[in-house]
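The values are calculated or read from the model by the stated rules, or taken from the named source; none is laboratory data. Quantities reported herein were computed from a predicted structural model and do not represent experimental measurements. We place every Cβ from the backbone using ideal geometry, glycine too, and count neighbours over all the protein chains shown.
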Amino acid sequence: MVGPEPESEAMFPSLIISMRPQQWIKNLLLFGPLIFSMNLFDVTMVTRTALAFIVFSLAGSAVYLLNDVVDVEKDKAHPVKRNRPIASGKLPIKIALVFMAVIGAGSLVLAWDLSQTLAYIIIIYMVNNLFYSFKLKHIVLIDVGSLSLGFVLRVFAGAAVIGVEASPWLIMCTILLSSFLGFAKRRHELVLLGENNTNHRSVLEHYSPHLLDQLILISAASTVMSYALYTVNGKTVAKFGTTNLIYTVPFILYGVFRYLFLIHNRKKGGDPAKVLLNDAPMVLNIVVWLSVCVYMVYKGGQL
């Protein structure tokens, strides 16, 4: 039996790497509406949300492949991104485009089978990323706004697939948190690339560390405040039957403070997914916060 050619064997890992499975952690936002609509133990809704997670992950991977193809020349000049399979030449552009089309179309077919609304949301997500790749990422402030829209669409997708309304508070917190992460990403790029930053991303010409520090602080403070207001809102208290969610605010404060520490003292923040996966204190904080929230929401807030 003749085995696959060595080039084919090497290409498969390159495809997987280019799909960026580590970024799928962002799609856990789809579970937000499931948890806070008090349907976490409904097997049907959990299954639908899990399938939507897979669908959105495929759509996201198609987008990452497109971005790497569009940015291939600029990535070659980046100290880290030049090692990506497409930029390094390990994955041919034609193969990447074919695979992108296959998984992109596949995600739409699967989404339509789950929920037509979910399919429309994924179409909007793809269109937004298409505009981002070719235009929006070059427009100051709008670039981060486009990134934030991707996070908000995940919340809408999670709500749509189980037939509930996305909470305005969840949407607000998502917008503010994603803005915080987006501006932190820009700051990391600005500092990492130094004088050559505009060669990789032209929009960095319009940012400065001082401006980004202000934007990061505003979005960070707004995130904490909006979450705190949510925990004491009359509708929240009536829905969950507890005022004790206010005691989860310290977890949010620690998470934001920890991320600021990583930005300024550890020179991280360029890849939120990598930070969330690799920073043990951050992971522990998120797990404990989520566990406490679930306990309070589903046990009537008894401490």
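For Ile218, the conditions (1) assigned by TED's automatic domain parsing to the domain that holds Lys76; (2) closer than 23 Å to Leu276 by Cα; (3) β-branched (Val, Ile, Thr) are fulfilled apart from (1). The criterion of being closer than 17 Å to Asp213 by Cβ, in the same structural domain as Ala220 (by TED's automatic domain parsing) and crowded, with 17+ Cβ neighbours inside 10 Å does not hold for Leu276. When Asn244, Asn265 are screened for being outside the structural domain of Met38 (by TED's automatic domain parsing), under 24 Å from Trp169 (Cα atoms) and of a type in the set (S, T, N, Q), only Asn244 passes. For segment 95-110, the condition of being surrounded by fewer than 18 Cβ atoms within 10 Å (Cβ to Cβ), free of Cβ contacts under 8 Å to residues at least 24 places away in the same chain and closer than 23 Å to Ala159 by Cα holds for at least one residue. With respect to the conditions (1) within 18 Å of Asn27 (Cβ to Cβ); (2) not assigned by TED's automatic domain parsing to the domain that holds Pro209, Cys173 lacks only one, and its number is (2). When the residues of segment 124-138 are filtered to those that are surrounded by fewer than 16 Cβ atoms within 10 Å (Cβ to Cβ) and in contact (Cβ under 8 Å) with a residue 12 or more places away in the chain, the one that is farthest from Ser202 (Cα to Cα) is Ile124. On the stretch given as segment 16-65, residues that are buried (at least 19 other Cβ atoms within 10 Å of the Cβ) and not in a helix (DSSP H, G or I) total 2. The condition of being over 30 Å from Thr49 (Cα atoms), outside the structural domain of Ala184 (by TED's automatic domain parsing), among the small types (Gly, Ala, Ser) and over 18 Å from the mean Cα position of the chain (by Cα) holds for only one of Ala119, Ala87, Ala96, that being Ala87.
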